[in-house]
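One structure below.
We did not get these values from a lab; they are worked out from the coordinates using the rules stated. Note that this is a predicted model, so its numbers are computed, not measured. Using ideal geometry, Cβ is built from the backbone for each residue, glycine included, and neighbour counts are taken over all protein chains shown.
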Amino acid sequence: MNETKAGAQCAPGRKAGQGGHPDAPHGRIGVLLLNLGTPDGTDYWSMRRYLKEFLSDRRVIEVPRWKWWPILNLIILTLRPGSKGNDYDAIWNDERNEGPLKTITRSQAEKLAGAFSGDPRIVVDWAMRYANPTTDSRIRTLKDQGCDRILLVALYPQYAAATTATACDQAFRTLMKMRWQPAVRVAPSYHDDTVYIEAVAASMRRDLAKLDFEPDVIIATFHGMPQAYLEHGDPYHCQCQKTSRLLRSAMGWPEDKWLTTFQSRFGNDPWLQPYTDETVTRLAKDGVKRLVLVAPGFSADCLETLEELDGENRRYFEENGGQKYAYLPALNDSEEGVGVIENIVRRELKGWI
């Protein structure tokens, strides 16, 4: 038995041809944070590359290829890179020359690494499903550092095939090409996790206290998806509704002054409803003067929150009679935000550490 173990784990530095395997670092544990992605730049061609990768994903667009290919390549990839580039310009981190999602995700990983700095076995890294840094490159880097066990943490509180599943798909594609695959765990969704709910509630209380008004209505808005995905069995809609209900309860907010909506619809097919933009417009026309939006489905602020919620929907509200409007930031790399991720990681690493 001892002889077998010695043969399986060659002494460090042992080279091929010396009676054993090449030196292969092992014994460490990788934690890989996964998020959606952001273009490498706001110019036309950077946006086009990003949109092509994103909108070619069959998890994101479930339309048959024969139908979707001409729409994507002949219309969308011709027209949308310019307009979306302008949207990204409005929120771009000029200091780092990158989108805010990349800036925040990097910071989340760095702070999480600090929380585990006392354990040299654990290596924390981060990757994007689309664009850079790629999931493939970061998994290989973790493996090169001796991580023979990797925990994948998709930073989406609510599970959806178009987010969590496709992030895992990308990781599994890398594993398919590796001779010595690390053991892999996938952290589950945390839409009803007590630490997550309390963190969002605490962040909301703090940000609401900074406002010079008390809202008439609070909207919890989530990224939308086609209604057909729900009908095909995706649990996302139900998990969003549960998150919203638990958060309202934690806040002690009246049920008649708390709404749950869905944003960012794309195309002409029905998406999850009610729609955020239509709800904001309706409330303003109905006489609501003070409105607050929060987006509990986003672990980090990005285009859909900074440009769409804090910009576009603010205009809808004010142009239709609203007076006071606020978007409350995502958890981002705040103490509460990193605490949520740390809680998930420590729970899912049990048995490994």
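Backbone N atoms of the stretch 41-72 closer than 20 Å to the 7 Å Cα→Cβ label point of ASN86 belong to residues 41-52.
Quickly estimate the mean residue ellipticity at 222 nm for the chain, helices only: each DSSP H run with n ≥ 4 gives -39500 (n - 2.57), and the total goes over all residues, rounded to 500.
Values: 13 runs with 145 residues, N = 353.
That comes out to -12500 deg cm²/dmol.
What area, in nm² and to one decimal, does the C-alpha convex hull of the stretch 117-268 cast on average over all directions?
Average projection, Cα convex hull of the stretch 117-268: 12.7 nm².
Legend: residue pairs LYS84/LYS242; LYS210/LYS350; LYS67/LYS177; LYS111/LYS324; LYS111/LYS257; LYS111/LYS210, Cα-Cα distance threshold 27 Å; pairs beyond threshold, LYS84/LYS242; LYS210/LYS350; LYS67/LYS177; LYS111/LYS324; LYS111/LYS257. Here the relative contact order of the chain, from alpha carbon pairs under 8 Å that lie six or more residues apart, stands at 19 percent. Sorting THR261, THR281 from the fewest to the most surrounding beta carbons within 10 angstrom yields THR281, THR261.
Please give the FRET efficiency for VAL195 paired with ARG106, using the beta carbon to beta carbon distance and R0 = 22 Å, rounded to the nearest 0.05.
Efficiency, from the Cβ-Cβ distance: 0.45.
What is the gain in length, in nm to one decimal, between TYR44 and ASP216 on full extension, counting 0.36 nm per residue of separation less the C-alpha to C-alpha distance? Don't jump to the answer; show the numbers that get you there.
Numbers: separation 172, 0.36 × 172 = 61.92 nm, distance 4.11 nm.
That pair, TYR44 and ASP216, stretches by 57.8 nm at full extension.
Using the Karplus relation 6.51 cos²θ - 1.76 cosθ + 1.60 with θ = phi - 60°, the per-residue 3J(HN,Hα) values for the stretch 317-332 come to 5, 6, 6, 10, x, x, 10, 10, 9, 8, 9, 8, x, 5, 4, 6 Hz, with x marking Gly and Pro.
Whole-Hz Karplus values for the stretch 289-300 come out as 9, 10, 9, 10, 10, 9, 10, x, x, 9, 7, 8 Hz, taken residue by residue from phi with 6.51 cos²θ - 1.76 cosθ + 1.60 and θ = phi - 60°; glycine and proline positions read x. Using the average count of surrounding beta-carbon atoms within 10 Å as a protection proxy, the listed peptides 133-145, 266-278 rank, highest first, as 133-145, 266-278.
Where both residues lie in the chain, what percent of DSSP beta bridges are antiparallel, nearest 5? Restricted to the chain, the bridges split so that about 5 percent are antiparallel.
Arrange the peptides 67-78, 91-102 so that the one whose residues have, on average, the most other Cβ atoms within 10 Å appears first. Write down the numbers at each step before the final one.
Details: 67-78: 13.4, 91-102: 16.6.
So the order, starting with the most tightly packed, is 91-102, 67-78.
Which FRET efficiency value, to the nearest 0.05, is calculated for LYS350 and LEU79 with the Förster distance at 51 angstrom and r the Cβ-Cβ distance? Before the final figure, lay out each step's value.
Details: r = 49 Å, r/R0 = 0.97.
Given R0 = 51 Å and the Cβ-Cβ separation, E is 0.55.
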